[in-house]
Amino acid sequence: MEKQVTIPVQGMTCASCVRTVERNLQKVPGVAQAEVNLATERATIR
């Protein structure tokens, strides 16, 4: 069963920040997918 977690991510200012956070979250063992939203300052992790 795949879990989904949404966490706050503060301090992002541009699309490059979003890509950096997504790339680093995807390096974490057990993370299948990470989607970061700049406007809502949230990351959804599966």
| task | Please give, to one decimal in nm, the separation of the simple spin-label points placed at Thr20 and Ala39, each 7 Å out from Cα toward the Cβ. | result | 2.3
| task | Rounded to the nearest 10 degrees, what's the angle between the helix 15-25 long axis and the longest principal axis of the chain, both from Cα atoms, 0 to 90? | result | 20
| remark: Over the chain, the sum of -39500 (n - 2.57) across DSSP H runs of at least four, divided by residue number and rounded to 500 deg cm²/dmol, gives at 222 nm -7000 deg cm²/dmol
| task | Please report, to two decimal places, log10 I(q)/I(0) for the chain at q = 0.27, 0.30 Å⁻¹ as given by the Debye formula with identical point scatterers on the Cα atoms and no solvent. | result | -0.97, -1.13
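None of the figures in this text is laboratory data; all of them are computed from the coordinates on show. Just so it is clear, the structure is predicted and the values come from calculations on it, not from any experiment. Note that we place each Cβ from the backbone using ideal geometry, even for glycine, and neighbour counts take in every protein chain shown.
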